[in-house]
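First up is the structure itself, then whatever we jot down about it.
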Amino acid sequence: MLRFKSLGSGSAGNATLVQAQCGSTSTQILVDCGLSMPELSARLSLVDLEIGDMDALFITHEHADHVGHARQFGLRTGKPIWCSQGTQLASQTQEWGLKAHQLCCARDGESIEVGDLQITPFTVPHDAREPLQVCISDGRVKLGLVTDLGHASAHVVQSLQQCHALILEANHDADMLRLSKYPSFLKSRISGPLGHLSNAASAHLLQSVMHGQLKTVVAAHLSDKNNTPELVGQAFGAVMNCAAQEVIIAHQDRGTDWWVV
């Protein structure tokens, strides 16, 4: 069984827990580590897990809300940390003081085996050094995780085909961002081709990858100033043919429940 749980999603810190259970054994990884060790520990304890139970950490890119506490994770657990060479350089991982075997280089399209999980990274257009998002499988079903991208490139759309579950960025409502008090440069950065997906752009990407076996879709990385769960629900609900309130939202303070893929 493959299942996942967002532990927190938004500009204040991101972490997603993915677990494969096979008989009496389990494999669990984190995707991103933007939550402090005390906060991460507290949220894992709610599902009877500890930081040391993680088998690996995958970092998508070097922005602080994704990589901010990865060094502490590595020093505390001794577990491997996967990320692109660009992310390693931008995060100055050579200064983290980790053991030589801990820092592992991830590359677009090259699958990574961690216990019963297979992680397949793919590049995305975002204003980071070498950002990667991921698809994760237990050999039976496929979870796609894609946040922090300015537009849905053909490579992104192709990578997300045939997912059975999807965690998808819906960062902002275009009108709310346009009318916000953000400075012009920040509005341009967020709405630009290397920024973040609007609700409309996210819904369009969702439409591009919808198929009969995609049963669970989670809207993630919502802006707390330029979006609302209601607006995201309307955008995703129109694609998924469901009521707005039925759309699953990953929250900053509590993430999501467990969802089985």
So R140 clears everything in (1) touching a residue at least 60 places away in the same chain (Cβ under 8 Å); (2) more than 27 Å from M210 (Cα to Cα) except one condition, right? Which one? (2)
Counted residues, the range 1-29 - those being touching a Phe, Trp or Tyr at 6+ places or on another chain (Cβ under 7 Å) and of a type in the set (A, V, I, L, M, F, W, C): 4
Looking at (1) within 22 Å of C105 (Cβ to Cβ); (2) without any contact (Cβ under 8 Å) to a residue 60 or more places away in the chain; (3) of a type in the set (A, V, I, L, M, F, W, C); (4) in contact with a strand residue (DSSP E or B) (Cβ under 8 Å, 6 or more places away or on another chain), which is the only condition L44 fails? (1)
Filter result for the condition that a residue is within 22 Å of Q118 (Cα to Cα) and of a type in the set (S, T, Y), over S9, S41, S26, S36: S26
Taking the range 1-28 on its own, how many of its residues are assigned to a strand (DSSP E or B), over 19 Å from A219 (Cα atoms) and small (G, A, S)? 2
Only residues that are surrounded by fewer than 21 Cβ atoms within 10 Å (Cβ to Cβ) and in contact (Cβ under 8 Å) with a residue 40 or more places away in the chain: list them for the range 47-62, please. V47, D55
Go through the range 212-261 and report how many residues are farther than 22 Å from L7 by Cβ and among the aliphatic types (A, V, I, L, M). 8
Counting only residues in the range 212-248 that are more than 15 Å from H196 (Cβ to Cβ) and of a type in the set (D, E), the one surrounded by the fewest Cβ atoms within 10 Å (Cβ to Cβ) is identified as E246
The range 52-92, residues that are farther than 18 Å from L30 by Cα and in a helix (DSSP H, G or I): Q85, G86, L89, A90
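Laboratory data are not the source of any read-out in this text; all were calculated from the coordinates shown. The shown structure was predicted, so the numbers you read here are calculated from the model rather than taken from an experiment. Every residue, glycine as well, gets a Cβ built from its backbone with ideal geometry; the counts of neighbours run over all protein chains shown.
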